[in-house]
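Trainee: Here it is, the structure in full.
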4 protein chains.
Amino acid sequence: MAGSSFGTIFKLTTFGESHGVAIGGIIDGVPANEPIDVDAIQAELARRKPGQSSIVTQRKESDTVEILSGIFEGKTTGTPIGFIIRNEDHKSTDYDPIKEVFRPSHADFTYTAKYGNRDYRGGGRSSARETACRVVAGAIAKQILAAIGVDIVAYVDQVGTIKVGNEIDYNVIDENPVRCPNMKVAAEMEALIKEVRKDGDTIGGSIRCEINHVPVGLGEPVFDKLHAELGKAMLSINAVKGVEFGSGFDCVVMRGSEHNDLFNEDGSTQTNHSGGIQGGISNGMPITLRVAFKPVATIIKTQTTLTTEGKLVEMDGKGRHDPCVVPRAVPIVEAMVAITILDFYLRDKGTII
Amino acid sequence: MAGSSFGTIFKLTTFGESHGVAIGGIIDGVPANEPIDVDAIQAELARRKPGQSSIVTQRKESDTVEILSGIFEGKTTGTPIGFIIRNEDHKSTDYDPIKEVFRPSHADFTYTAKYGNRDYRGGGRSSARETACRVVAGAIAKQILAAIGVDIVAYVDQVGTIKVGNEIDYNVIDENPVRCPNMKVAAEMEALIKEVRKDGDTIGGSIRCEINHVPVGLGEPVFDKLHAELGKAMLSINAVKGVEFGSGFDCVVMRGSEHNDLFNEDGSTQTNHSGGIQGGISNGMPITLRVAFKPVATIIKTQTTLTTEGKLVEMDGKGRHDPCVVPRAVPIVEAMVAITILDFYLRDKGTII
Amino acid sequence: MAGSSFGTIFKLTTFGESHGVAIGGIIDGVPANEPIDVDAIQAELARRKPGQSSIVTQRKESDTVEILSGIFEGKTTGTPIGFIIRNEDHKSTDYDPIKEVFRPSHADFTYTAKYGNRDYRGGGRSSARETACRVVAGAIAKQILAAIGVDIVAYVDQVGTIKVGNEIDYNVIDENPVRCPNMKVAAEMEALIKEVRKDGDTIGGSIRCEINHVPVGLGEPVFDKLHAELGKAMLSINAVKGVEFGSGFDCVVMRGSEHNDLFNEDGSTQTNHSGGIQGGISNGMPITLRVAFKPVATIIKTQTTLTTEGKLVEMDGKGRHDPCVVPRAVPIVEAMVAITILDFYLRDKGTII
Amino acid sequence: MAGSSFGTIFKLTTFGESHGVAIGGIIDGVPANEPIDVDAIQAELARRKPGQSSIVTQRKESDTVEILSGIFEGKTTGTPIGFIIRNEDHKSTDYDPIKEVFRPSHADFTYTAKYGNRDYRGGGRSSARETACRVVAGAIAKQILAAIGVDIVAYVDQVGTIKVGNEIDYNVIDENPVRCPNMKVAAEMEALIKEVRKDGDTIGGSIRCEINHVPVGLGEPVFDKLHAELGKAMLSINAVKGVEFGSGFDCVVMRGSEHNDLFNEDGSTQTNHSGGIQGGISNGMPITLRVAFKPVATIIKTQTTLTTEGKLVEMDGKGRHDPCVVPRAVPIVEAMVAITILDFYLRDKGTII
């Protein structure tokens, strides 16, 4: 109800503010007896963590996860997995300048309006720091999904106007700081991000995700269609403004005779405008989706902003922010996808006795 | 869990197949003592109903709703509202041709794979007929929201490559069969739809929705952000392939200095790239969203399809389908938006004692 | 949230007031491909229906269920089952006398306080009439459970001070109007009920239920223990004041050495004080529970009551009420047990991949 | 779904095994701006903690709670409260003797059957240690409820055959180690518990709880009746075998004319057989309930038990267990009641706009 949980069977609940003692979560409904590699969880966190390259925020956080329950002798027991990540870099003094203003296009204003209080230490609960907990749960979900053959790959396909195009090499995604599957385009994107940062500004981007080998039959009609829940998962990530599946917004200009995916004899389809989902249920083809991220709201340029007293003032930006959010958002997209797919896999088990 | 419910407090659960006895639903969590105009519910159904104009399906359904409980002496009592809509046009013979094939880009294949059976009478549960129940619940939600000042307006903003542009007159939306807020553009869209139908084909389109006077503070961090749940609501509608909020996919090419919505002294903003939502919580500005609908999968043109026995065969299309889904989808979009906003309004009441 | 749903996967949602147009429900999460005998549903309703014998209310209701969806060619399809039962005996004039008073120990006062309105036509949503919908869902659950070997039997074990004792013949439960598994004791109970009715009064009673051949492993720690959810199911039935499992309240005076159920080599236990559940999870032994029902609040004797204007007045009772609720409550107990057990059966399927 | 959560708006989710690193929880849906005294939370934990008197288990646990989020400057912020309690006394060697046996009337057998693995370090997730997390959440709920006038008091009313009777002094409940509201009876109970312990045995008991000044109107028909959810809350506590409200099981022998609670002019009632709840909704009278606890299953006496290999063997009991669970269960009952009442208080806020 208060929105800190995601999933129905495989269910993540998170807590924690960016400048509190710790963040963490509980994963309930973890299937029993699945081997879990805790190092692999930490490795996923490293893909999201600040300071990993020169084009992301330089804040210092080791993002070390401590697993507190639910795993015994290297395997899940079926009981909930509790975990915490201590906050290390939470000098509240960093945030004194923002104590009395509502930053434009941040959640300062809306949180204060909703809750009647101000956690002026930073982004608090609205900070993207919370997504580290999603990455932990996603890393666990990924390992369980891998055992049943599902693999998930996300990458940056656009930064500003630079698009990746059709020459894609999945192997290079983590070989460049942008997480773009084409080294040449990645270099262009990196240059753009650096230029934007030099301007004290930020830039938008988008991430594409492919989910392969999803069993046929996942997804629940009518309201919990597989792409509806995946869409919610994506839109719940900070800075996301849109999501599309398969043909996506391009479908608007298409005709049915062109858009329909004709079958092969084995039930696969010749095209995949459906993006692997028909009627809200997976059809065995790759599930494809694309997510739009707005430019980060924290900029260095001077902006007019509003004080908590209702006055407009000029504010000089400073701080250690991401000039472009997509490089660090790739593991978050993958994590939310993994949580969603595993949850639907478990939900489907009750369909037939 | 099985996906037939939407909402948490104001909660709609639906049942019914396109060719069964009836469809219907239960709305639980309806606030007590709200006046309800049953004729207004029927009027919303008329906006969604088949046969309403020459550019929609000519199937015959009166779509008459029977309210069975929860309203007494013209007001909600606080108990659940049960309702049914009898199916009148369900001659199963219509569907004999499809009994042994999986139609391309329909849900025939995935439903059979998931449930291990085939309701060959028609679209069954995957039919858009189910959305009539959403319109009933939405019409009730709209009336309750109107009493607190919220208004919701949706319209067709694109059919194929024809876009509505900036000259918008909300008053004409229901004055033309396309539900486009510009009579001239509407005529072009209508012509395109007729041309497409003549070709035995179908065409995609998109709908834009604006929600005005939403109280500040609706939406729940972290996973149940207002736009995340609205996005799920949209993606759960048949044929939707994408959804975007505020700046949407255009944000990808924007810089932060351009995208940030600067405040006015009263807390409103000069621009509205955020689409009325910051950090997942409404900020009092209009909430804006756009939804992409694919071309209807049922076409008259001959297509190759797959039999339930696994053979490829040629199938001649026939039947009474919509050449373009968006004119009838406008009230569905409004309905799902209304259900979602009212639910968050009620959820917010528990935030502060 | 508003309390009209029960279950998590196999989930019943109900609507309807005693004096409205109809009552009904939706069962979501019904496993696909299970044969359902609709006559058997109607037969269960007959066990609950008014007028079935001389010791129950003589109201006239045929309680005919109409199944609207979810069953095709005699089997469940996996889609929700919608159903309605029309109210036939709802002359509101019957209830004119109660329009302006709150009857003692009824829900008139609390509903009015909660909802700020009065559905003076009768018990409204608080009427036990609502339980007919539970019997429909329970009859479906029972049929599915029977296919996996689970059987459920409930019976009246006490009326007033008359107890059934140890001589029990399950075969005679439906051979007497009390539903007591001992014909001699049943006759005594029947005589007591008639005497009480002659006095214009009512009497309490209790029902015992046994659930046999439940698979080992059903129930979810920590909060959703099998008996916790069964207990909630029982306490949600009108007039129930208490519930106990296995040794129940007798455990208070027992010692551990006496109460512990020692194992046999096959994992069964020599005694069954645990009532078939250990740590909230079924252990394969019969699950046993007992439910206390208060005397019906509607009596013929003159009582002081409170007007809606806040005055105390004398009210002469009249009407067609049950002198003792337990004979008709037996199928309701079985129904709620069946719904609960089937739900946990489906929930357990996600425990191990 | 997997059962580690309780509540709908004010919602506690817990994790942790008795012999893992830590236990803990997340409370979501905490109303904002409520002052919280962290020392009062620790004081409630002290009432539940091992080693507090000579008649409880002598295990050593400081049960120190660390609050990680959701409270800022002494008040709730509205964001989830995360907390952990480190396990200090988890030498797994303690449990070597039980590694290969299923202890009678423990959850060893059922957990192994359900999950297909054995956490042989101790009770694991089935251990009553988990209830410490409930006490934390309950202590927070109590503070918030106190601000709206609700008070909750529980006490031991029976140990073995010794009952407290009618002479009750609430002030002495925490003045004696049994938590009985009569010092003389408490001394008798204490003597009985010591005698039982000397025998290497354990004894059952019961707890009564009164909830005063609950606002009229809490509770949701039909399935989520206030006492149904309270009953589930009680039955989810380790060792509970039964629960009753108001007249409870005594209602079975009563007549309606005797059981009905006649009104006073102010809407209160002359008697309170209803136990403060009518039709599942609070009526403003004190809510009264009673809970039966079985004798602890761990005894010192030698018992026959079953090995994991399926052999019957004699097992000598040892270890530091409670001879009677009720003294330490009093704060747990209060905690679960507080969580439930606060949750219904928040749920009720959506009933009327």
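Trainee: Mind pulling up the Rg/Rh value for the protein assembly as shown? Radius of gyration and Kirkwood radius, both on Cα. List each step's numbers first, then the result.
Mentor: On the way: Rg = 31.3 Å, Rh = 32.5 Å.
Computed over Cα atoms, the ratio is 0.96.
Trainee: Same structure again: Taking each label point as 7 Å beyond Cα in the direction of the beta carbon, state the distances from C:LYS301 to the same residue in the other copies, shortest first, in nm.
Mentor: 4.6, 8.2, 8.3
Trainee: In debye, nearest 20: dipole of the range A:5-349 around its Cα centre with unit charges on the Cβ of K, R (+) and D, E (-)?
Mentor: 1020 debye
Trainee: Post the alpha-carbon centroid distance, the range A:217-257 to the range A:279-329, in whole angstrom.
Mentor: When both Cα centres are located, 21 Å separates them.
Trainee: On to the next question. Determine the relative contact order of chain B: mean sequence separation of Cα pairs under 8 Å and six or more apart, normalised by residue count, in whole percent. Please report the intermediate quantities before stating the final value.
Mentor: Working: 720 pairs, mean separation 76.1, N = 353.
That works out to 22 percent.
Trainee: At 222 nm, what helix-only mean residue ellipticity would the protein assembly as shown give, in deg cm²/dmol to the nearest 500, using -39500 (n - 2.57) for each DSSP H run of four or more? Show your work: numbers first, answer last.
Mentor: Working: 28 runs with 356 residues, N = 1412.
Taking each H run of at least 4 residues, the total per residue is -8000 deg cm²/dmol.
Trainee: Projected onto the charge dipole of chain B (+1 at Lys/Arg Cβ, -1 at Asp/Glu Cβ, origin at the Cα centre), which of B:THR308, B:GLY123, B:ALA335 gives the Cα projection farthest towards the positive end?
Mentor: B:THR308
Trainee: Report Rg (one decimal) and Dmax (nearest whole number) for the range A:79-180, counting Cα atoms only, units Å.
Mentor: 19.1, 51
Trainee: Still on this model: What residues have an amide H closer than 5 Å to that of B:ASP201, excluding those fewer than 5 places away on the same chain, when H is modeled at 1.01 Å from N in the peptide plane?
Mentor: Here the answer is B:ILE300, since their amide H atoms fall under 5 Å of that of B:ASP201.
Trainee: Follow-up question, since we're still on this one. Looking at this model, which pairs from A:LYS75/A:LYS232; A:LYS232/D:LYS142; C:LYS232/D:LYS11; A:LYS198/A:LYS294; B:LYS142/B:LYS232 are more than 23 angstrom apart at the alpha-carbon?
Mentor: Values: A:LYS75/A:LYS232 30 Å; A:LYS232/D:LYS142 35 Å; C:LYS232/D:LYS11 18 Å; A:LYS198/A:LYS294 18 Å; B:LYS142/B:LYS232 19 Å.
Too far apart for the 23 Å limit: A:LYS75/A:LYS232; A:LYS232/D:LYS142.
Trainee: When you count, for each residue, the other Cβ atoms within 10 Å and take the mean per peptide, how do A:169-177, A:198-206 rank with the highest first? Let's see the in-between values first.
Mentor: Values: A:169-177: 14.2, A:198-206: 22.9.
Final packing ranking: A:198-206, A:169-177.
Trainee: Percent of alpha carbon pairs in chain D separated by more than 27 Å?
Mentor: Tail fraction, whole percent: 49.
Trainee: Let me know the charge dipole size of the range B:90-234 about its Cα centre in debye, to the nearest 20, where only the beta-carbon of Lys, Arg (+1) and Asp, Glu (-1) is charged.
Mentor: 520 debye
Trainee: OK, next. List the residue from chain C whose beta-carbon is nearest to the axis that rotates chain C onto chain D, together with that distance in whole Å.
Mentor: C:LYS232, 2
Trainee: Further question on the same structure: So, counting K/R as plus one and D/E as minus one, what does the shell of residues with Cβ under 12 Å around D:GLY350 add up to? Provide the component values of the computation, followed by the final result.
Mentor: Details: positive: B:LYS11, B:ARG347, B:LYS349, C:LYS114, D:ARG347, D:LYS349; negative: B:ASP28, B:ASP343, B:ASP348, D:GLU220, D:ASP348.
So the environment of D:GLY350 carries a net charge of +1.
Trainee: From the gyration tensor of the Cα coordinates in the range B:152-238, what semi-axes in whole Å does the equivalent ellipsoid have, largest first, with each one equal to sqrt(5λ)? Numbers along the way, then the final one.
Mentor: Details: eigenvalues 181, 59, 15 Å².
That gives 30, 17, 9 Å for the three semi-axes.
Trainee: Hey, got the average number of other protein chain Cβ atoms within 10 angstrom for residues in C:285-298?
Mentor: If you average over the peptide's residues, the count of other-chain Cβ atoms is 4.
Trainee: Now, a different point. May I ask you to order C:58-69, A:277-288 by the average number of other C-beta atoms within 10 Å around their residues, highest value first?
Mentor: On the way: C:58-69: 17.7, A:277-288: 25.0.
Most protected by this proxy first, the peptides run A:277-288, C:58-69.
Trainee: Next question. I'd like to compare D:156-166, C:151-161, C:44-54: which one has the highest average count of other Cβ atoms within 10 Å, and what's the full order after that? Let's see the in-between values first.
Mentor: Numbers: D:156-166: 19.3, C:151-161: 21.8, C:44-54: 17.7.
So the order, starting with the most tightly packed, is C:151-161, D:156-166, C:44-54.
Trainee: To the nearest whole number, what is the average tally of beta carbon atoms from other chains within 10 Å of the beta carbons of peptide D:119-131?
Mentor: Numbers: counts 6, 2, 1, 0, 1, 6, 9, 8, 1, 0, 0, 4, 1.
Counting Cβ atoms of other protein chains within 10 Å of each residue's Cβ and averaging gives 3.
Trainee: For the range B:5-349, build the charge dipole from Cβ charges (+1 Lys, Arg; -1 Asp, Glu) around the Cα centre, then report which of B:ILE27, B:ASN182, B:SER105 sits farthest towards its positive end.
Mentor: B:SER105
Trainee: Provide a whole-number value for the mean count of partner chain Cβ atoms within 10 Å of the Cβ atoms in peptide C:197-207.
Mentor: Working: counts 0, 0, 3, 2, 5, 7, 8, 11, 3, 4, 0.
Per residue, the average neighbour count from other chains is 4.
Trainee: Moving to a separate point now. If the only charges are +1 at each Lys and Arg Cβ and -1 at each Asp and Glu Cβ, what is the size of the charge dipole of the protein assembly as shown around the Cα centre, to the nearest 20 debye? Could the numbers behind the result be given before it?
Mentor: On the way: 152 positive and 184 negative charges, 0 e Å.
Dipole about the Cα centre, nearest 20: 0 debye.
Trainee: Here's another thing I want to ask about it. Which aspartates and glutamates does B:LYS184 reach when only Cα atoms under 13 Å apart count, and residues fewer than 8 places away in its own chain are ignored?
Mentor: Hits, sequence-local ones excluded: B:ASP157, B:GLU167, B:ASP169, B:GLU175.
Trainee: Put +1 on the Cβ of every Lys and Arg and -1 on every Asp and Glu Cβ in chain C; which of C:PHE10, C:SER69, C:GLN58 then has its Cα farthest towards the positive end of the dipole?
Mentor: After comparing all options, I get C:GLN58.
Trainee: Now for a different question. Give the nm distances, rounded to one decimal, from C:ALA40 to the matching residue in every other copy, measuring between label points 7 Å along Cα toward the beta carbon; shortest first.
Mentor: Those label-point separations list as 4.4, 4.7, 5.5 nm.
Trainee: Let me ask you something else. Between copies, how far apart are the A:ASN171 label points? List them in nm, one decimal, shortest first, with each point 7 Å from Cα toward Cβ, please?
Mentor: Label point to label point, same position, other copies: 6.6, 7.7, 8.3 nm.
Trainee: Taking a quarter of the surface of the convex hull around the Cα atoms of the range B:1-42, what do you get in nm²? Mind dumping the intermediate values first?
Mentor: Values: hull surface 16.6 nm².
Approximately 4.2 nm², given one-decimal rounding.
Trainee: Starting from the eigenvalues of the Cα gyration tensor, five times each then square-rooted, give me the equivalent ellipsoid semi-axes of the range D:31-136, largest first, whole Å. The partial results should precede the final answer.
Mentor: Working: eigenvalues 211, 61, 24 Å².
In descending order, the three semi-axes are 32, 17, 11 Å.
None of the figures in this text is laboratory data; all of them are computed from the coordinates on show. This structure is a prediction, so every number in the text was calculated from the model and none was measured. Note that we place each Cβ from the backbone using ideal geometry, even for glycine, and neighbour counts take in every protein chain shown.
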